[in-house]
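Chemist: Take this structure, written in structure tokens, and hold onto it; I'll ask about it next.
The values are calculated or read from the model by the stated rules, or taken from the named source; none is laboratory data. Everything quoted here is computed from the prediction, not taken from an experiment. Cβ sites come from the backbone with ideal geometry, for glycine too, and all protein chains shown count toward neighbours. For accessibility, only protein heavy atoms count, side chains too; no ligands or nucleic acids. Shrake-Rupley method; radii C 1.70, N 1.55, O 1.52, S 1.80 Å.
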Amino acid sequence: MKAADIMTVPVHSVRAEDTVAHAVQQMLQRRISGLPVVDQAGNMVGLVTEGDFLRRSETGTDKRRPHWLQLLLGPGRGAEDYTRSHARMVGEIMTTDVATVSEDAPLAEIVRIMEKRRVKRVPVLRAGKVVGIVSRANLMHALAGVLGELRPTSDADAHIQQQIMTELRKQDWAPLGSTSIVVRNGVVHLWGTIFDERERVALKVLAGAIAGVKAVEDHLVWIEPVTGFYLTPPAA
């Protein structure tokens with residue numbers, strides 16, 4: 001399996017000149033934890049994640065080191081901490097040294113990058129532009145498919161999967177970043193997490209309406225976004 005087989009598409013992005021408030025709003029609305037930063041031509045120039053917003057002056061979580069430690073670390077570290085906690089523009093806090101892969105990168109390479117860099121997601125580039133993102137969740141979905149022998153076994157299954165993904169990309173409500181669709185012998189398997197039970201119903205309706213689908217199997221886990229409380233799929 002390669003990056004193109006499991007990556008999340010389409011990819012939502014922000015610009016370096018966008019405000020931090022805009023980036024936070026995009027993450028919350030789209031239920032994602034990271035956004036590529038692109039320039040005017042669409043080329044990737046950085047990455048901003050939820051981790052960049054943990055230490056903020058607005059929430060009183062900015063770093064406040066003891067005076068002796070500040071002296072030891074030097075003024076540069078303090079200046080960097082201040083920038084991250086008070087910055088207003090994405091370009092002021094984004095990570096620029098981002099590890100990326102191409103669409104044909106094997107999963108083993110992606111996992112090595114995640115382990116070495118201690119990152120949760122790896123952007124997939126084509127000619128400098130982001131065409132997808134592989135996250136740990138994508139890898140888990142791929143593993144679930146392998147363990148359950150749920151990979152497409154025919155061109156017909158692959159066609160059904162492609163049709164479903166095409167329809168999902170047209171929907172503003174679709175949780176593309178946290179779910180995966182796998183088809184085997186005409187049966188659609190819904191994997192991943194949702195944050196609103198109404199998405200479960202809509203996903204099943206959409207998948208079931210595709211020509212050639214024999215049944216839809218629900219493996220989705222619902223997570224309450226505030227408390228983290230979760231529920232496994234209802235019994236059939």
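Chemist: Could you check, for the stretch 35-53, whether at least one of its residues is surrounded by 15 or more Cβ atoms within 10 Å (Cβ to Cβ) and over 26 Å from residue 99 (Cβ atoms)?
Modeler: no
Chemist: Out of all the residues in the stretch 13-50, which are assigned to a loop (DSSP other than H, G, I, E, B) and modelled with pLDDT of 90 or more?
Modeler: Correct list: 13, 16, 17, 18, 39, 40, 41, 42.
Chemist: Something else: Select from the stretch 72-100 the residues that are assigned to a helix (DSSP H, G or I), out of contact with any helix residue (DSSP H, G or I) (no Cβ under 7 Å at 6 or more places or on another chain) and not basic (Lys, Arg) and list them in ascending order.
Modeler: 72, 73, 75, 76, 79, 80, 81, 82, 91
Chemist: If residue 96 meets every condition in (1) surrounded by 12 or more Cβ atoms within 10 Å (Cβ to Cβ); (2) within 23 Å of residue 27 (Cβ to Cβ); (3) at pLDDT 85 or above apart from one, which number is that one?
Modeler: (1)
Chemist: Restricting attention to the stretch 51-71, which residues are within 20 Å of residue 34 (Cβ to Cβ) and not in a loop (DSSP other than H, G, I, E, B)?
Modeler: If the condition is that a residue be within 20 Å of residue 34 (Cβ to Cβ) and not in a loop (DSSP other than H, G, I, E, B), then 51, 52, 53, 59 are the ones that fit.
Chemist: Which pairs turn up if I take residues in the stretch 30-45 that are β-branched (Val, Ile, Thr) and look for partners that are assigned to a strand (DSSP E or B) and open to solvent by 50 Å² or more (accessible area, probe 1.4 Å) with beta carbon separation below 7 Å, at least 6 apart in sequence or on another chain?
Modeler: 37/15; 37/45; 38/15; 38/45
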